[in-house]
1. Report the dimensions of the range A:224-349 along its three principal axes from the alpha-carbon atoms, largest first, rounded to Å.
2. Which whole number gives the average, over all residues in A:392-399, of C-beta atoms from other chains lying within 10 Å of the residue C-beta?
3. Starting from the Cα of residue B:328, move 7 Å in the Cα-to-Cβ direction to define the label point; list residues of the range B:407-438 whose amide nitrogen is under 15 Å from there.
4. If you take the Cα Rg of the protein assembly as shown and divide it by 2.2 N^0.38 Å, with N the number of residues, what do you get?
5. Could you work out the Rg to Rh ratio of the range B:105-189, with Rh taken as the Kirkwood radius (inverse of the mean 1/r over all Cα pairs)?
6. With a point put 7 Å past each Cα toward its Cβ, work out how far residue B:225 is from residue A:524 in nm, to one decimal.
7. Could you list B:212, A:295 in order of exposure, starting from the residue whose Cβ has the fewest other Cβ atoms within 10 Å?
8. Per residue of A:476-487, count partner chain C-beta atoms within 10 Å of its C-beta, then hand back the mean as an integer.
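Read-outs throughout are calculated quantities, based only on the coordinates presented, and are distinct from any laboratory measurement. Keep in mind the model is a prediction, meaning the values are calculated, not measured. Virtual Cβ from ideal backbone geometry, glycine too; neighbours counted across all protein chains shown.
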C-alpha cells in the first residue's frame, strides 16, 4: 500500500500528553527527566522554554488586555521575586515573565491564579488571549460592547477547552470599526455594526501573519449578537475539521479560509451550526463582498483621550521596548490607584493605558508620570516602536530586535521636531519570520535576517518592508531592502527623509505615500 | 554557598557554561550577587549568540545594582554595545539567483563556489557535476552500467512500468535477466540501507517487476546513428558480447557475434540454473538485440571453424568477449580421482541436458554464485531413495528437493560468510532449501578407493590479513583437520579466460606468459583492431560488471572506427516543484520476494515469483529518490535555522564557517561555525541528505530549491 500521511510528532504529543501539567511535580523532577515532547507541551499552560536552557518564559492570559491594579501588583511582585525584576508587554495585550526557573513555574502560575489570572492557553495550539481595541469600554464612538463578548468567549468552556487545535487560534473583538483592534490579522475578527439602533456583528476570518501573511476576509456582514458565540464556536470547529495538521507551516485557519474562499467558509460554518441545532441561522447574512473595509485608526498621538462617560479620561504612556522594571511598575500601579480608576490596559503596541482617570486628576497624573520619566507623547509616531524579544531570549529569532529598537529610538525618537515632522508612523521590528511584532502590517516593518559576508561569516541585519496597514482591506508591507544592523539608523533615516522630501504635503501619511509611489519607485528613490 | 561558587567557576573555566548556570540556579532564584556575577561570566565567556551577550548583561547589571565591585561586570555591559555606522548607505534589495522551490533557475553558471553544481540549470559536463552524481546517487554510481535507478523506481511508483523497463533496457541491456540474477552492487550502496536508515530498496526485484508488468512485446531501441559501413566481429555471446553488440548496433555498425555453443547467452544459459532464470526470459532479451540487425552465429568456434586472424581481416574491429571458461582446479592430493568435477561443467551439463550423474553425498567447495548454484542444482538431482511422509508425497513434484535426503548436499567455504561474494537472498534460499553450509574450512586432500573419491580432508581456518582481492586470507589452524565422506565433489573455486583458441602469432602480441591479456582489464588490447569486453578482460565477475565493461569497450571501438567520441555524458539539471514523496514512505518495510513452496522446487520451476503490481509500487516508494538535490540559496536564506531544527539527520544541514574545495572546485570538506557571526552559510550536506523535504516545509522564506539531477548519455551528431 502506498504510505499514508501519519500524524506529526506535535500532533501525536497533543493526543498523548496531558497539557495540564502539575508544575509542583515538574519543580521536583530532574530536568533531564522531562522529555522534549513534554517541554513543548508546557506551552499549553503558557510556559515556554527560553533560549537559555535553565530558564522559562510564562505568558498570562488577560482577555482584552485588562488588569486591575491588584492583579498587576501580583504580577509585579512575582516578577520581582522570580523573573529578574522585569515584565514584558506583548503585542497581544498581555504580560510575560522571563528568567523563570523550572522550580518556580508553579509559584508564578499559582500566584497569578490567586488573583484570577490564568496562564492556561497562554501559548500552544489553542484559543489564545482574546484581544481587541485597548480603548474598549472607554474610548469614543463605540458601537458594540466588545468587552462583554470577549468575556463571554474567555469564559466559554467549549472554546477554552479546545486543547488540540491544528495550530493556534486568535480572536479579536472590536468595539467599533477601527483598525486599532487589528481585526484583519486575527483568525476571527468581530466588528460591531449598528442598524436601526440594533447592534449586530460583522464577522471576518482568516487573517494571520507568521512567515506567510494573510489578511482576513469578511465572511458575514451581519451576525445577531446572540449568535456570535455560536459562530465563534463553529469557526473553531471548522478549524478543527479542516486545518492542515500535516504541515505545520500551513495549518492555521488563514490557509483554510484562503483555500475555501469566504463564501464557502461561511457555508461550512452555517452547516456546523445546523448540525448543532443552532436556531435562527437565517438571520445571519453572508458578506456581499468579502473585501474588508476597516476604518483608519481613530487615535493619533493623543496622550489623553476623553471618555464619553462624564468626567473621565484615558491616559496613555509609552513603555520603552515593552519592558517594565519593578520600580517603574510600582509607580504605574500606585498612580492607577491614586489618580486613575484602578484599571490598566495593555495595548497591542506594547504600551499601557490608564482608564477611568477622573478628569481632575489628569494633569497631576501627567506631571507625575513625566517626573517619573514616562513618555506620554509620541504614540502612533516614530517613538512608538514595537519590537519582540528577538534573539535575546527567543529560540526562533535571528536578530536582536530590542537592540535595533534602542538604536532607532535613541537616534531618531529623541529629536522631537524630527519625528513630529514625519507625522503618523508605526515602526515594528520582528526578530524572525514569525512576525510576533507584526512587521508585515507596519508603516515600516523590520524583519531579522543575516547576510553572508563574501569574506567569511555573516552579518546580522534586517529586511525592511514598507507600506503595511490594517485599515480598509489591509495591506501587507512590501519588501524594500536588506540592511546590516549597524546601518539601520542611517537606512531608516534615509527612508524617512525620502518620504519627507517626496510627499505631496504634510498631510500625506507614510502609508498613502507608499501606495502612491509604489514599491519600485520607492526602491529607486532610496537606492 | 562559597563552595558552590567555586564549583560553578570551575565548570565555567572548563567550558561547561550551561551546566554551570543550571548548577547556580539549582539552589534558588539567581539573586545573590556572586551567583549573578558567575552567570554573567558564563554567558560572557560563551558568547556564541546575541542571546549570550544579552544574558551576560542582564546578570552583570543585576550584580552591579546589588553592589558588585567586580570590574568585569561593567566591561561585559560595555562590550555588549554595538555601534551605528553613520556613513551614507545604499538601500538595495538582496540579490539572489538560486531561489526556492517555487522559482525557476536560469541556465547560467553557478554564482558561488558553494553551489552544488557548476550551473544553475540545464546541461553541464563539469567535473564538479559528475562528482555530485557519484556522491549523491550511490546506487547509480555502484552500478557498472550506470543504470538510472531513481528514475526507474519513480516510474514504477507512478505505475509506469513500461518506462521503467525502457530506462533499464537503455542502461543495462538485460532488465528481465538482471532483475532476477544481478549481483546488485547498487543495493549495498543504497542510502536507505545506511546505518540507522533501515533496509536498502529491493532495486533488483523492482527491475524485474518493470519487465513483468510492461506489455510483453519486443522493445527495440531506436538507433543513435545511421549505418556507418563498418562491420565488427564479437567473439562470444555472453552478456558482455551481446551488450557490446547491442551498443555497436545502436551506433550504426554492422555486428556479427560468433558463439561456439549451440545457443547464445553465455553464462546466462550455461551457468545460471533455470530455476533462477527461465530461458524464455533470456531468449526474449536476446531477440531485442538481434532485432537491431545483430547476427549471432552459433556452433562457430573461433580457432577451430574460423581463425582469429581471418576474423580480423574480415572485420573493421574485433571484440573478444569469450568469458572465463577455464576452470580453476584445486591442486591437492587425489585431484584426479573420479567424482571430482568443476562446478561450471556440472552446471553446463545440467542446464543443457536437464540431468547428470552425481553421487549420494555431494560437497560443493566455494563461496560464490557458482557454489550456490551448484549446491541448489545438486539438491534437485539427488538419489532416488527418498522417504516422504504420505501427505507430502501427493503434493510434492517428482523432482522436488523435498524428495531428496536432507544434508546430503553441503557447501564448504574457507572464509566466513562476510567474505562471500553472493547476495543476501541467496544465502537465505540455501538455508531454506536445507543445504548446510560450513565456513572457515579449507580443503586439504581428496581420498579415494579404486580411483573414485570417497572422502575429503579439510582443515579449519582463521582469517588473517586481507589478500589482493581485499578479502581476509584464510589461515589453516594446525591440528584441526577432519574428514568428510563424499561421492561427488563440485569445485566452485573460480575460473579464468580460456585463450588456447587464439592464433599463436596474435597470442604473442596479445597475451602475457600467464595467459592473461597484456592489457589487463583495459578494453583496448595490445593489438590494433582487437578489443576486449567483460570477464575475458577482467576475470570472472558478475553479469552487470561485464555489461558495464562492454559498454565502455564499445566507446573505445567506436572511437577507433570513427576517430571521434560520438557518445557524450552530461549532467542534466531540471527544476522540480516537489519530490512527490512523503516522509512515511521511509518507514515502509522492505517487500519480501514471494517464492514457491519447497514441495514444488525442482529443476525447471522458477523459485522467485516476483512482486505483484501492487507490491512493486509499494517497494518503489521506498526509494529516497537521491537524484533530487535540495539546496539552500544562501543569499535568499535569512539564517533562521528553522531547517536546522527540522532536520532528520545530524549532518544533513550544517552551519558552515567555510567550505573546502579541491582544485577542480569540488566541495571536499567543511568547517563548522562555532558562533552566530561565524556562520557563513546554512548548507545542505547533500551526501547526508535523505531527501525528506522537511527543510523545504520548514523554510519560512522559500529559500530551498529542489532540482532533479541526472546522468544522461547523448549521441553527438
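1. Projected onto its principal axes, the Cα set of the range A:224-349 covers 52, 39, 28 Å.
2. On the way: counts 9, 4, 1, 3, 5, 5, 7, 5.
Taking all residues of A:392-399 together, the mean is 5.
3. Output list for this probe position: B:413-416, B:419-422.
4. Details: Rg = 39.6 Å, N = 1244, 2.2 N^0.38 = 33.0 Å.
With N residues counted in the protein assembly as shown, Rg over 2.2 N^0.38 Å equals 1.20.
5. Values: Rg = 15.3 Å, Rh = 14.4 Å.
Radius of gyration relative to Kirkwood radius: 1.06.
6. Label at residue B:225, label at residue A:524, 5.6 nm between them.
7. Numbers: B:212 19, A:295 15.
Going from sparsest to densest Cβ surroundings: A:295, B:212.
8. Numbers: counts 0, 0, 0, 2, 3, 6, 7, 5, 2, 4, 7, 8.
The per-residue average across the peptide is 4.
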